[in-house]
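The values are calculated or read from the model by the stated rules, or taken from the named source; none is laboratory data. For clarity, every value in this text was computed on a predicted model and none was experimentally measured. Ideal geometry is used to build each Cβ from the backbone, glycine not excepted, and the neighbour counts take in all protein chains shown. Areas reflect the complete protein model, heavy atoms only, side chains present, ligands, DNA and RNA absent. Shrake-Rupley method; radii C 1.70, N 1.55, O 1.52, S 1.80 Å.
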Amino acid sequence: MAVICSKAIKRHFRSLLSPKIYARERSCIAIIANRLNLSSFSKYSSNNFSNSAINKYFAINSQVKAMGALSPLDPSSFSRPEVAIIRHISLILDVDFEKKVLKGTADLNFDVLQATDEIILDVNDLIIQSIELRDGTKLQYNTDQHVPNFGSKLSITLGNQYSAGQKLVIRIKYRTSPSASALQWLEPNQTSGKKYPYLFSQCQPIHARSILPCQDTPAVKFTYDAEVTAPEEFTVLMSAVRGENRNKTTMFQQSVPIPSYLLAIAVGVLEHRRLGPRSLVWSEKEEIERSAWEFAETEKYLEAAENLCGPYQWGQYDLLVLPPSFPYGGMENPCLTFVTPTLLAGDRSQADVIVHEIMHSWTGNLVTNRNFEHFWLNEGFTVFLERKVGASLIADAAEAKRSRDFHSLLGLQELSETINGHLGSSNPLTKLVPDLKGVHPDDAFSRVPYEKGSLFLRYLEDLVGGPEVFDEFMRSYLGNYQKRSLDTDEFKEYLLNYFSGNQNLTSVDWNAWFYSSGMPPIIPNYDTSMTKAVTELVAKIFEAGTFSYDDVKCFTPHQMINLLQELIDKDALPIEKLRSLGDAYKVNNSKNSEIIYRWLRLCIRSRDRTKLKEVFSFVNQQGRMKYVRPIYRDLYTWEDVRQQAIDNFLQNEPYMMHVSAYTLRKDLHLSE
């Protein structure tokens with residue numbers, strides 16, 4: 001597709017319209033074979049290449065061609081914000097639990113950037129009822145053929161030519177599909193209270209298009225207001241400041257521009273407790289007291305984050321503890337962080353997840369990756385800052401540095417397993433900046449942008465002169481790009497300009513860091529004093545025949561996690577030896593989900609059939625992908641129980657959120 005160049009295109013987008021967008025082509029045949037679950041195109045022989053297969057081939061071939069040119073700005077979005085960009089959305093939503101749909105009206109407010117008589121939006125399984133201008137003029141529209149997992153292009157004909165600089169408001173009436181990929185509709189028996197249904201959303205990375213017609217790309221940021229009507233017993237929450245509730249309708253206002261993936265809604269019978277002057281925690285009543293205790297230090301974390309990054313700009317910072325099927329540890333929806341109940345360990349040992357989501361208030365929410373090829377600009381920065389803020393809460397400077405480095409080493413462990421144990425060191429998705437043409441961002445999700453990105457920033461920090469120097473750069477960077485989106489090249493240019501006199505940066509191999517597969521080219525010289533005791537104990541475990549709690553009684557929860565992860569990376573222990581270790585070290589009855597998860601993986605690796613019931617119970621009772629996906633992959637490699645694992649997944653798939661079911665199907669080789 002030809003690139004449109006115009007003086008009217010804002011400088012914000014101009015840097016993206018370059019030949020590199022079109023430089024990398026994928027084989028249509030490979031994609032077709034992948035879509036049809038074929039190992040090679042040769043399977044289309046005269047014996048099995050039926051008429052229906054031919055039709056499917058050409059249908060998908062046309063979709064692949066469309067996918068290859070989704071847009072100049074974002075490989076995952078059909079929309080064209082360089083022509084006209086959404087600045088504000090007004091939403092009216094009605095929640096229908098019986099039909100499992102949202103009935104909506106969306107007023108989309110555009111700034112026109114180029115002369116145009118057409119608007120293009122992203123949609124996914126939306127039923128469009130009408131589209132009109134603010135004055136009521138009906139508009140013609142067309143929805144292109146559905147592209148699996150990406151949705152469709154919605155083209156709206158304006159009737160008249162609009163010039164650059166004009167404003168435009170389009171009103172769309174629609175309803176969602178009961179199977180909208182962003183929405184999880186829970187039956188009462190899937191909730192803690194067992195009496196009422198529950199609804200929550202997950203729009204990241206590109207699922208907002210299943211909730212409303214939009215420019216579903218993080219290059220676009222908009223403010224929004226909403227009116228949401230739900231049954232009287234229910235509380236409605238959104239990623240916005242909550243206003244008054246009248247006649248079953250709740251008002252919301254988000255005055256800081258957000259990308260579409262941060263649009264969020266939750267509807268349930270909820271209670272709340274106050275955590276601090278700007279924070280509430282929400283959950284079903286069965287979890288509310290545990291949640292209030294677990295997250296009581298939220299304000300302390302917010303203040304520590306402000307000390308590093310500057311004022312918190314979102315007003316309210318609430319937490320919502322969701323039902324167990326939520327697929328992530330947390331989701332940084334503005335004003336309302338979603339968290340998994342697996343964080344309720346009873347010892348506040350997983351506070352780093354809350355710190356992580358708080359840091360997203362700056363990196364990700366305020367300063368955003370322009371598309372998901374540059375996801376590390378969100379997650380790598382957030383992990384990097386999370387560890388700095390966590391260390392800042394420790395009074396002793398030497399201990400703080402040891403703690404920061406220790407958590408970085410834990411992250412390095414996870415990165416190594418992801419690259420060397422799961423994806424493979426030559427996998428293009430292990431690049432810090434991957435090519436996502438024809439690749440769904442959900443398929444690219446891994447620890448790579450988190451840990452490889454954070455490690456790269458730590459490398460740069462050490463290179464330019466340490467934390468004192470780099471912290472000032474970070475504040476400058478956040479201030480310069482706040483409320484904007486950027487890509488990796490823009491970050492690099494800003495860094496080099498800021499440190500223009502620093503000769504150390506001439507040694508950086510930018511191409512290796514950004515575009516090479518595998519582990520990072522350089523590993524920082526981390527302080528290993530907190531891992532030394534773990535390393536010594538691992539050696540003892542493989543030599544000794546007996547174990548004692550004295551071996552680990554001084555370990556922190558994170559050192560126990562480090563220990564178990566070290567054992568996962570080694571040869572499997574004999575079953576009896578592993579059982580003795582579990583009893584002696586008291587990991588069998590731990591309430592910490594990070595410890596339970598790794599312990600069960602060790603049991604699978606040692607082929608302990610007596611633990612299978614516990615393993616399946618663990619994966620069935622919560623949907624956090626960080627835990628569920630590696631466990632299912634481990635079970636798949638255990639040939640004797642592979643079918644049992646597949647059967648268990650298929651039985652529970654209807655209760656999973658879309659992204660969990662989608663990725664697990666691939667992990668279990670049920671789809672490619």
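Which residues make up the longest stretch of the chain that has no chymotrypsin sites (Phe, Trp or Tyr not before Pro) in a DSSP loop with at most 15 other Cβ atoms within 10 Å?
Result, exposed sites excluded: 50-637.
Could you work out the relative contact order of the chain, using alpha carbon pairs under 8 angstrom and six or more residues apart, expressed as a whole percent?
Worked out over the chain, it gives 11 percent.
What is the list of residues in the range 105-143 whose amide nitrogen lies under 19 Å from a point 7 angstrom out from the Cα of K167, following Cα to Cβ?
Residues 106-116, 132-137 fall inside that zone.
Which FRET efficiency value, to the nearest 0.05, is calculated for R609 and T528 with the Förster distance at 35 angstrom and r the Cβ-Cβ distance?
Using R0 = 35 Å, I get an efficiency of 0.40.
Divide by every residue of the chain the summed helix terms, -39500 (n - 2.57) for each DSSP H run of at least 4, and state the resulting mean residue ellipticity at 222 nm, rounded to the nearest 500 deg cm²/dmol.
Taken over the chain, the calculation gives -11000 deg cm²/dmol.
For the range 84-269, build the convex hull from the C-alpha positions and give me its volume per residue in Å³.
Cα-based convex hull of the range 84-269, divided per residue, equals 118 Å³.
Which log10 I(q)/I(0) values does the chain give at q = 0.09, 0.11 Å⁻¹ under the Debye formula, counting every alpha carbon as one identical point scatterer?
With one equal scatterer per Cα and no solvent, log10 I(q)/I(0) is -0.80, -1.23.
Jot down the radius of gyration and Dmax of the range 471-560, Cα atoms only, both in angstrom.
When restricted to Cα atoms, the range 471-560 yields Rg and Dmax of 21.4, 59 Å.
May I ask you to give the average projected area over all directions of the convex hull of the Cα atoms of the range 110-166, in nm² rounded to one decimal?
Approximately 4.4 nm², given one-decimal rounding.
Within the range 511-533, list the residues whose amide N lies under 15 Å from a label point set 7 Å along Cα→Cβ of S548.
Answer for this model: none.
Report the convex hull volume per residue for the range 510-630, counting only C-alpha atoms, in Å³.
137
Over the range 367-515, calculate the relative contact order: mean separation of alpha carbon pairs under 8 Å at least 6 apart, over the residue count, as a percent.
Contact order relative to length: 37 percent.
Which value does Rg/Rh take for the range 134-210 over its C-alpha atoms, Rh per Kirkwood?
1.13
Please list K577, K532 from largest to smallest accessible area, probe radius 1.4 Å, with all protein chains kept in place.
Solvent-accessible surface, decreasing: K532, K577.
In nm, to one decimal, how far is the A395 label point from the V469 one, both placed 7 Å along Cα→Cβ?
That separation, rounded to one decimal, is 3.2 nm.
In square nanometres and to one decimal, what's the mean projected area of the convex hull around the Cα atoms of the range 425-500?
6.2
Using a Förster distance of 41 Å, how high is the FRET efficiency between S507 and R246, based on the Cβ-Cβ distance and rounded to 0.05?
Once rounded, the FRET efficiency stands at 0.10.
So which of K221/K437; K167/K221; K100/K437 end up more than 28 Å apart by C-alpha?
Exceeds cut-off: K100/K437.
How much net charge surrounds D667 when only the other residues with a Cβ under 9 Å from the Cβ of D667 are counted, with Lys and Arg +1 and Asp and Glu -1?
+4
Could you calculate the contour length gain from N142 to N420, that is, 0.36 nm times the residue separation minus the distance between their Cα atoms, to one decimal place in nm?
That works out to 95.5 nm of additional length.
Based on the Cβ-Cβ distance of D111 and E306, what FRET efficiency does E = 1/(1 + (r/R0)^6) give at R0 = 30 Å, to the nearest 0.05?
Given R0 = 30 Å and the Cβ-Cβ separation, E is 0.40.
For the range 367-515, compute Rh as the Kirkwood radius over C-alpha pairs and then the Stokes-Einstein diffusion coefficient at 37 °C and 0.692 mPa s; write the answer in µm²/s, rounded to an integer.
203
Quick one: angle between helix 625-637 and the longest Cα principal axis of the chain, in degrees between 0 and 90, rounded to 10, please.
70
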